[in-house]
Amino acid sequence: MTETEEKTGPPVTLIDPIDMTKLDPKFRNDISSMPNGEELSACFACSTCTAACPIANQWDYMPHQLIRMILLGMRDEVLSSKEIWECLTCFQCQERCPQKVRVTDIFFDCKNLAAEEGHVPENVLALGKTLVDKGQLYEVINDWEREDLDLEPEVPGLSIEGIQSILKSTRTGKLVEDGE
Amino acid sequence: MTDPVLVIGAGVAGMTAAVELADNGVKTILIDRKSTIGGNALELYKAFPTDDCFYCFEGNRWRPGIRKCFYRSAMVDQPNIDLKTDTRVKGISGTPGKFSVILDLGPQYVDPKRCTLCGLCTNVSEAFLLASPQCQPQAVSYDPEKTDDGAKKAEDECPTQAINLSAIQTEETVTVSDIVIATGYHEMKPSVVDEYGYGKLPNVITQLELAQMLDPNGESAGALVRPSDGAQVKNVMMIQCVGSRDENYYPFCSKICCVFALKHANIISSERNDSRVSVVYMDIRTYDQHERYYRETRDAGVEFVRGRVSRVESQKDGTLDVHVYDSLLNRYLKFTVDLLVLSSALEPPEAADELLSSLGLNSASGYVGPADPISENEVVAGEHVYACGGALGPAEVPESVNQARAVVSKILQGRK
Ligand SMILES: Cc1cc2nc3c(=O)[nH]c(=O)nc-3n(C[C@H](O)[C@H](O)[C@H](O)COP(=O)(O)OP(=O)(O)OC[C@H]3O[C@@H](n4cnc5c(N)ncnc54)[C@H](O)[C@@H]3O)c2cc1C
Ligand code: SF4
Ligand code: SF4
Ligand code: SF4
Ligand code: SF4
């Protein structure tokens, strides 16, 4: 017996669903095999992480939704999302997750994967470039402030060359190089 | 001499009550309207919470001959139990402590004391059926509506002359001291919830139908195949709360469907390697220790989607396209599945209301309600009337067995 083409429910034309066959079911394994990603599958979507997050109400995807998207296999959406980069890494979500999902660590894993695939936001790249070029993120330029405090103008013992050369051989250096 | 106890329904609850009463020296009449005892549990494969075969529960293991077949010999061999299958209650009169019950005994086409399960009749006629090799009583059953030319031949040739096609319905009036209602539950046929296409689309089934498919003794010998064309099932989707927690059907939570759905999801993902399972739910209610099934299924990669189905559409290749609204993502998802399994509500069995009204009992959404709703004796349904197991509402086997034991203890106390 073959099935007749029966339909139930509202007309499809109004809805544009995400086609599950186009997603990447291996994405969850990629993440759970990264450092501290093991508990990923334990997530039961309680949204405690989102309740704990100080910044999520500014986001399009909430932390619990990002975890859910990883589990569903929405690789491109997660790795190109701005949220994983805007995470403050305050660890509140991870601290409170009742299933011990290491949410913040998983977002780090996502950033690493995203970086490998070349999805790094411009502003983050710019920060990386500053670090590599200048060896520090916040340059002391207002010497008068130090003067007012009776301090010598140069920060004592600040050596940026070492940092620069280390950074050049890390992924940050590589990303900045590729970005140029 | 004291009158016997009548137990109505020979599922796990009724069987437990009967065997424990009998072991305590109380004469017990155990009736079931079907020709095979065991009730709903007969059709299930592995059981939570132990994942054992359904017929081996601790505490019954000491009983000879029943590992694998719980109470197998006890029901038939215990001299204090008078088992009557194909039997219904026709009328109840008398007073509590001395009820007069008219039993309607269906025609005994096959004498279980004679049938040796030789298989001759089932070979020559469609009307004979062996429900299960472990069925109790150990006999084939005969369905007169399916009768054919072979039936007469079977009657003539049955080596033990167990068949009597001209058997007729009889009546018997018994006097009993107490009545135990153990009539269980029925899985709702979800064709009324038409958005899922049950009854129209062959690959849409219920959890009980899935349990039979997973059972190695079942028709497909345990293989997970599409009913439409027998093709191997790769993607299974389960839908929770079909007809339960829905004021249009049953307002209550059927309580155990989350646990058995996850039990099935576990069996499929651990024993049927190539199959994927998705579960669409509103809440997952795995009470008590059963939370472990939820955790284990997540670890096993079962996909949980919180939301509801928008549409089900069958495709030419036999698959079903299922569109689901994911309320956590606020997005619609489209799945392609081979089998859609509905966790359908567990409803009171047919004619439960007649029994309630003939004994003047309280109804709890159609199930037997406690006589005194604020007392803790949920098994006490009335004066000398008790209920246990699924008859009180959806319950798992251990709970049904405990309630049956509570009933036995009440009856024994009453006889002291
Ligand atoms: C898909 C599924 C999976 C399940 N899996 C599990 C599991 O893994 N573990 C677990 O613990 N539980 C499980 N359960 C629950 C389990 O089936 C029940 O707890 C158990 O069967 C209840 O037993 P019972 O004796 O109360 O009722 P039933 O098994 O329903 O037995 C009632 C008996 O009464 C008879 N009867 C009904 N009305 C009358 C009448 N008017 N006159 C005469 N006879 C009558 C019926 O024919 C039947 O034989 C599952 C249920 C389902 C649907
Ligand atoms: S708190 Fe943990 S379990 Fe809850 S949604 Fe977030 S990751 Fe999932
Ligand atoms: S670590 Fe990131 S995601 Fe987690 S609570 Fe803090 S800001 Fe939110
Ligand atoms: S032929 Fe007779 S003995 Fe053999 S299975 Fe049928 S009824 Fe039983
Ligand atoms: S046990 Fe689960 S599926 Fe069943 S009615 Fe309750 S919530 Fe719904």
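Here, each number is a calculation from the coordinates, and none is a lab measurement. These numbers come from a predicted model, not from an experiment. As a convention, Cβ positions derive from the backbone with ideal geometry for all residues, glycine included, and neighbour counts pool all protein chains shown.
Roughly how crowded by other chains is peptide A:63-73, in terms of the mean Cβ count from those chains within 10 Å of each of its Cβ atoms?
Working: counts 0, 2, 5, 1, 1, 7, 3, 0, 5, 7, 1.
Mean number of neighbouring Cβ atoms from other chains: 3.
How shielded is A:17-26 by partner chains, expressed as the average number of their Cβ atoms within 10 Å of its Cβ atoms?
Details: counts 13, 9, 5, 11, 4, 1, 1, 0, 3, 0.
Per residue, the average neighbour count from other chains is 5.
Classify segment A:122-179 as rounded, prolate or oblate from the Cα gyration tensor: take a ≥ b ≥ c as the square roots of its eigenvalues, call it rounded if a/c is under 1.5, otherwise prolate when a/b beats b/c and oblate if not. Write down the numbers at each step before the final one.
On the way: a/c = 5.32, a/b = 2.15, b/c = 2.48.
In terms of gyration-tensor shape, oblate.
Of all trypsin sites (Lys or Arg not before Pro) in segment A:17-62, which ones are in loop regions per DSSP and have a Cβ with at most 15 other Cβ atoms within 10 Å?
Values: sites: A:Lys22, A:Lys26, A:Arg28; in loops: A:Lys26.
Qualifying residues, ordered by number: A:Lys26.
Return the subset of B:Lys27/B:Lys410; B:Lys84/B:Lys152; A:Lys82/A:Lys111; B:Lys27/B:Lys113 for which the Cα-Cα distance in this structure is over 19 Å, preserving the input order.
Working: B:Lys27/B:Lys410 15 Å; B:Lys84/B:Lys152 25 Å; A:Lys82/A:Lys111 10 Å; B:Lys27/B:Lys113 21 Å.
Listed pairs above 19 Å: B:Lys84/B:Lys152; B:Lys27/B:Lys113.
Averaged across the residues of B:242-250, what count of C-beta atoms belonging to other chains lies within 10 Å of each residue's C-beta? The partial results should precede the final answer.
Details: counts 0, 0, 0, 0, 0, 0, 0, 0, 0.
The per-residue average across the peptide is 0.
Taking segment A:45-145, which GluC sites (Glu not before Pro) meet the DSSP loop condition and have no more than 14 other C-beta atoms within 10 Å? Numbers along the way, then the final one.
On the way: sites: A:Glu77, A:Glu83, A:Glu86, A:Glu95, A:Glu116, A:Glu117, A:Glu122, A:Glu139, A:Glu145; in loops: A:Glu117, A:Glu139.
Answer in residue order: A:Glu117, A:Glu139.
Taking chain B as the reference, fit the longest principal axis to its C-alpha atoms, fit the long axis of helix B:397-415 to the helix C-alpha atoms, and give the angle between the two in degrees, 0 to 90, nearest 10.
Approximately 20 degrees, to the nearest 10.
What shape does segment B:188-340 have by the C-alpha gyration tensor, where a ≥ b ≥ c are the square roots of the eigenvalues, rounded means a/c under 1.5, and otherwise prolate means a/b greater than b/c and oblate the rest? Walk me through the numbers before you get to the answer.
Working: a/c = 1.29, a/b = 1.08, b/c = 1.19.
In terms of gyration-tensor shape, rounded.
With +1 on each Lys and Arg Cβ and -1 on each Asp and Glu Cβ, how big is the dipole of segment B:261-308 about its Cα centre, in debye rounded to the nearest 20? Numbers along the way, then the final one.
Working: 9 positive and 8 negative charges, 33 e Å.
Once rounded to the nearest 20, the dipole reads 160 debye.
Rounded to the nearest 500, what is the protein assembly as shown's calculated 222 nm mean residue ellipticity when only DSSP H runs of at least 4 contribute -39500 (n - 2.57) each, over all residues?
-8500 deg cm²/dmol, from helical runs alone.
Just want to confirm a number: the relative contact order over chain A, from Cα pairs under 8 angstrom separated by 6+ residues, in percent.
On the way: 177 pairs, mean separation 34.1, N = 180.
For chain A, the relative contact order is 19 percent.
Only loop residues by DSSP count here, and only those with at most 12 other Cβ atoms within 10 Å; note down the trypsin sites (Lys or Arg not before Pro) in segment B:242-327 that meet that.
Values: sites: B:Arg245, B:Lys255, B:Lys263, B:Arg272, B:Arg276, B:Arg285, B:Arg292, B:Arg295, B:Arg298, B:Arg306, B:Arg308, B:Arg311, B:Lys316; in loops: B:Arg245, B:Lys255, B:Arg272, B:Arg285, B:Lys316.
Qualifying residues, ordered by number: B:Lys316.
Going highest first, how would you order B:150-162, B:330-342 by mean Cβ packing within 10 Å?
Working: B:150-162: 16.2, B:330-342: 21.9.
Descending packing order for the listed peptides: B:330-342, B:150-162.
From zero outward in steps of 10 Å, how is the percent of C-alpha pairs of the protein assembly as shown spread across the bins?
Taking all Cα pairs of the protein assembly as shown, the binned fractions are 3, 14, 20, 20, 15, 10, 7, 5, 3, 2, 1, 0 percent.
By the 4.7 Å beta carbon criterion, which cysteine residues of chain A come out unpaired?
So far as the 4.7 Å Cβ criterion goes, A:Cys43, A:Cys46, A:Cys53, A:Cys87, A:Cys90, A:Cys97, A:Cys110 stand without a partner in chain A.
Tilt of helix B:257-271 relative to the longest C-alpha principal axis of chain B, in degrees (0 to 90, nearest 10)?
Compared with the principal axis, the helix lies near 70 degrees.
Classify segment A:54-102: rounded, prolate or oblate, from the alpha-carbon gyration tensor (a ≥ b ≥ c, eigenvalue square roots; a/c under 1.5 rounded; otherwise prolate if a/b is larger than b/c)? Write out the running numbers ahead of the final one.
Numbers: a/c = 2.05, a/b = 1.21, b/c = 1.70.
Oblate, since a/c reaches 1.5 and b/c is not below a/b.
Relative contact order of segment A:122-179: what whole-number percent is it, with Cα pairs under 8 angstrom and at least 6 residues apart?
47 percent
List the lysines whose alpha-carbon lies under 27 Å from that of B:Lys189, not counting same-chain residues fewer than 8 positions away?
A:Lys7, B:Lys34, B:Lys46, B:Lys90, B:Lys146, B:Lys200, B:Lys234, B:Lys255, B:Lys263, B:Lys316, B:Lys334
Taking only C-alpha pairs under 8 Å that are 6+ residues apart, what is the relative contact order of segment A:21-116 in percent? Before the final figure, lay out the partial values.
Numbers: 133 pairs, mean separation 36.0, N = 96.
About 37 percent, as a whole number.
How fast does chain B diffuse by Stokes-Einstein, in µm²/s, taking the Kirkwood radius from C-alpha pairs at 4 °C and 1.567 mPa s?
Working: Rh = 22.9 Å.
The Stokes-Einstein estimate is 57 µm²/s.
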